[in-house]
Structures are given as structure tokens and as C-alpha cells.
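The values are calculated or read from the model by the stated rules, or taken from the named source; none is laboratory data. It should be emphasised that the depicted structure is a prediction, and the values quoted were computed from it without experimental measurement. Don't worry about glycine lacking a Cβ; one is built from the backbone with ideal geometry, like all the others, and counts go over all protein chains shown.
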Amino acid sequence: MRRYGKHTDEDDVRVRPNRRGNRPRTSIRPKHEDAAEGFVVTVDRGRLTVLVEDRTITAMKARELGRKGVVVGDRVAVVGDLSGAKDTLARIVRVEERSSVLRRTADDDDPFERVVVANADQLAIVTALADPEPRPRLIDRCLVAAFDAGLSPLLVLTKSDLAPAESLLESYGPLGVPYVVTNREELADGAVADRVRERLTDKMTVFVGHSGVGKTTLVNALVPDRKRATGRVNTVTGRGRHTTTSALALPLPDGDGWVIDTPGVRSFGLHHVDPARVIHAFPDLEPGTEGCPRACSHDEPDCALDQWVADGHADPARLYSLRRLLATRERREGD
Ligand SMILES: Nc1nc2c(ncn2[C@@H]2O[C@H](COP(=O)(O)OP(=O)(O)OP(=O)(O)O)[C@@H](O)[C@H]2O)c(=O)[nH]1
Ligand SMILES: [Mg+2]
Ligand SMILES: [Zn+2]
């Protein structure tokens, strides 16, 4: 939300020759008071699938939205043919204010931000314990993105039938991030779905992670009547095949809550992240930053957090974890 809308000024100005003479142009834009409310469940090359009441309709962005992006999770106003009948196309005329925006950049030097999803409450960071090998750096990056966006993180460690979870969990202990561990057998007998579902009630949760970690497999277990295709992990490279190509929001079958399956990512660039926002997720450390120099990175010699911890106000392991997360921005994926 914070940076959302940075193009609104441009969007609102319609630079167009006024062919009808001197008529004032202030009220050209229709207000669309009769528009219906919709929820964007998927986006495929400019075509959006929108849930309106209990109908699924296809829509496109109205020209008046200009460059404003519309993403999965957005609440929108739609006009036109809302029947959902084949070959009909409605128009999205407004994007409602977002409660959260999860962004990433291709890498840290890339200023081009993509919005992954809007309005999510929780970021499920999905990592396989093997096949593909876990890469803690990506977990750290996703945690930073979650803290920056104000989403609560949930660590999902899959494939515990192939490797144990202990050492990975140990390094996340001080962060206090909630986690679930899943495996093949419990996926089949429904135990995984039960355990994960507890964490998803009343929330909109977006699943992110490398290709092949089992995001779609898990989403299929949670929403069994809406099965999406899953892929194989290449046994030579240990990589997934990018089976999922678009984000899709699905409602949990019983009770409230949404899960959003997303395509596998290779990296999670953090160009947009502000350390000052990340520290909000560390309420035990945040008051200690009062003595910091201006624009402190919290990882420099004058940082007041060292003294804060030395004075016993917070656990040194927490400061270490914060710094590890902040430093992940400076390092390359795979370092
Ligand atoms: N052994 C084991 N395999 C699993 C488990 N969960 C998923 N898999 C397998 O991992 C492979 C990849 O699963 P997907 O669900 O397609 O992975 P994804 O994360 O959605 O991958 P992309 O869509 O490419 O991003 C499939 O062959 C799954 O059967 C698990 O708990 N244990
Ligand atoms: Mg998938
Ligand atoms: Zn500092």
C-alpha cells in the first residue's frame, strides 16, 4: 500500500485532444456507481478471471485504469456483461485500496517491481527438505519480503520423507516463525491438509518457493476438488520444471480462507525493501534503534542495537537473525 499508487497522478490525467471544442474535461470519467464488486482469482496475459458473487467471469482492464496493475487478490469494481456466459468480457473499472502488497524484483539491482499478489495476510514460504535442496538464502529473502509487506510468515518444509527438518528449523528458532513440516505419506492420508489448514483459517495465504518444492501438491491437498497439474523434479539438476505458470487463488473448502498457488521463483529480489520497515517485525529490538545514526542499516559500527543487546534488553540471537536477514539483500542468490 505504501508505494502503491505512485502512478495515480499520471493515470488520472487524460491527455487527449478535446475534439468537441472547449467543453470542460473534468467530469469525463464515469463514476461507475452501478459496478459490481469482484475478486481477482487469476491473471493470464491481460485476461483476468474475477469472482463476482458466485460467478466466475472473464474481464479485462478498462483503458481508464491506465498503467495501474491488477493482480491476483485484488478487489475490483467490474461493469459490463457479468453473466459469466462463454465469450463475454467484463471491464474492470476500479481497483480498491489494498491492505497489503507483496512485491519482488527479479534481482536486487533491478528497480522494476512486480506485484506478486495483493491483500494477502500470510506468506507461506515453501521449501523442500530435499529434491530440490533447501536454500536458506531464499527463505531469508522471503522473510524479509514478508516483514516488509506486513504479511505474517509461515514456514512450510515439505518432503520430510526424504530428509530431516531439524537443522533447518534450528536456524529459524530465534525468529519465532511458525512452521509446518509435511511429507508424502501424510499428504496422502489427509493429515497434512488438516495440520496446514489450521494455520490458514480466515486468512489469505500466498504460497511461494522454488519450482518443484511442492506448492501445488500442497494446495491440491487443501482444495481437492480443484486439482492443478503438478510437475516432476529433474533428477539430474534437482530442479522443478516450472509446472505452474500463473498465480491462482482458491477458496478453502470449509470455512473462510484463501490459498494462492504461484509459479516457482528462481530468486526473490529485494530492491524495494526498506530496513526501517523490516525492523517493525522485531518489536524487542525496535526501541533500541532510537540511538542509531540516521538511515542506519542496523549492520554498521555505530548501530545502537549492539548496546541494546549488551544491556540485556533483547536476546543477541535475535539481533544476529535480524542482521542475517538484512544482509541477505547484499548477497547474491546461491552465495
Ligand atoms: N517425496 C515427496 N515428494 C513430494 C512431496 N510434495 C510434493 N512432492 C513432489 O514434488 C514434485 C513437484 O511438486 P509440485 O507440487 O509440482 O511443485 P511446485 O512447487 O508446485 O512446482 P512449480 O509449479 O514448478 O513451481 C512432484 O513430483 C510431487 O509429487 C513430499 O512431501 N514428498
Ligand atoms: Mg506448482
Ligand atoms: Zn542501527
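Exactly one residue out of Gly209, Gly231 is more than 16 Å from ligand 3 (Cβ to nearest atom) and modelled with pLDDT of 95 or more, and it is Gly209.
Counting the residues of segment 226-252 that are over 14 Å from Arg266 (Cα atoms), of a type in the set (Val, Ile, Thr) and within 10 Å of ligand 2 (Cβ to nearest atom) gives 1.
Scanning for something within 9 Å of ligand 1 (Cβ to nearest atom), at pLDDT below 95, in a loop (DSSP other than H, G, I, E, B) and crowded, with 22+ Cβ neighbours inside 10 Å, does segment 186-193 turn up at least one residue? No: segment 186-193 contains no residue that is within 9 Å of ligand 1 (Cβ to nearest atom), at pLDDT below 95, in a loop (DSSP other than H, G, I, E, B) and crowded, with 22+ Cβ neighbours inside 10 Å. Counting only strands (runs of 3 or more DSSP E) wholly contained in segment 25-143, the ones carrying 3 or more residues that are in contact with a Lys or Arg (Cβ under 9 Å, 6 or more places away or on another chain) occupy 36-44, 55-61, 75-79, 90-95, 101-105, 113-118, 122-128. The residues of segment 267-310 that are part of a loop (DSSP other than H, G, I, E, B), at pLDDT 90 or above and aliphatic (A, V, I, L, M), listed by number, are Leu285, Ala304.
Residues in segment 101-129 that are at negative phi and polar (S, T, N, Q) were compared, and the one that is surrounded by the most Cβ atoms within 10 Å (Cβ to Cβ) is Thr127.
Across segment 298-314, the number of residues qualifying as under 18 Å from Asp274 (Cβ atoms) and exposed (fewer than 13 other Cβ atoms within 10 Å of the Cβ) comes to 1. Kindly evaluate Pro153 against the criterion of being within 22 Å of Gly240 (Cβ to Cβ), within 16 Å of ligand 1 (Cβ to nearest atom) and either crowded, with 18+ Cβ neighbours inside 10 Å or at pLDDT 95 or above (or both). Against the criterion (within 22 Å of Gly240 (Cβ to Cβ), within 16 Å of ligand 1 (Cβ to nearest atom) and either crowded, with 18+ Cβ neighbours inside 10 Å or at pLDDT 95 or above (or both)), Pro153 does not qualify. Filtering Gly264, Gly255 for residues that are part of a loop (DSSP other than H, G, I, E, B), in contact (Cβ under 8 Å) with a residue 24 or more places away in the chain and surrounded by 19 or more Cβ atoms within 10 Å (Cβ to Cβ) leaves a single hit, Gly264.
Among the residues of segment 247-302, the one identified as hydroxyl-bearing (Ser, Thr, Tyr) and touching a His at 6+ places or on another chain (Cβ under 9 Å) is Thr289.
Every residue, every condition in (1) hydroxyl-bearing (Ser, Thr, Tyr); (2) more than 11 Å from ligand 1 (Cβ to nearest atom); (3) at positive phi, yes or no:
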residue	(1), (2), (3)
Ala221	no, no, no
Asn234	no, no, no
Thr244	yes, no, no
Phe268	no, yes, no
His271	no, yes, no
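Taking first residues from segment 90-109 that are without any contact (Cβ under 8 Å) to a residue 24 or more places away in the chain and partners that are among the acidic types (Asp, Glu), no Cβ contact under 7 Å between residues at least 6 apart in sequence or on separate chains turns up.
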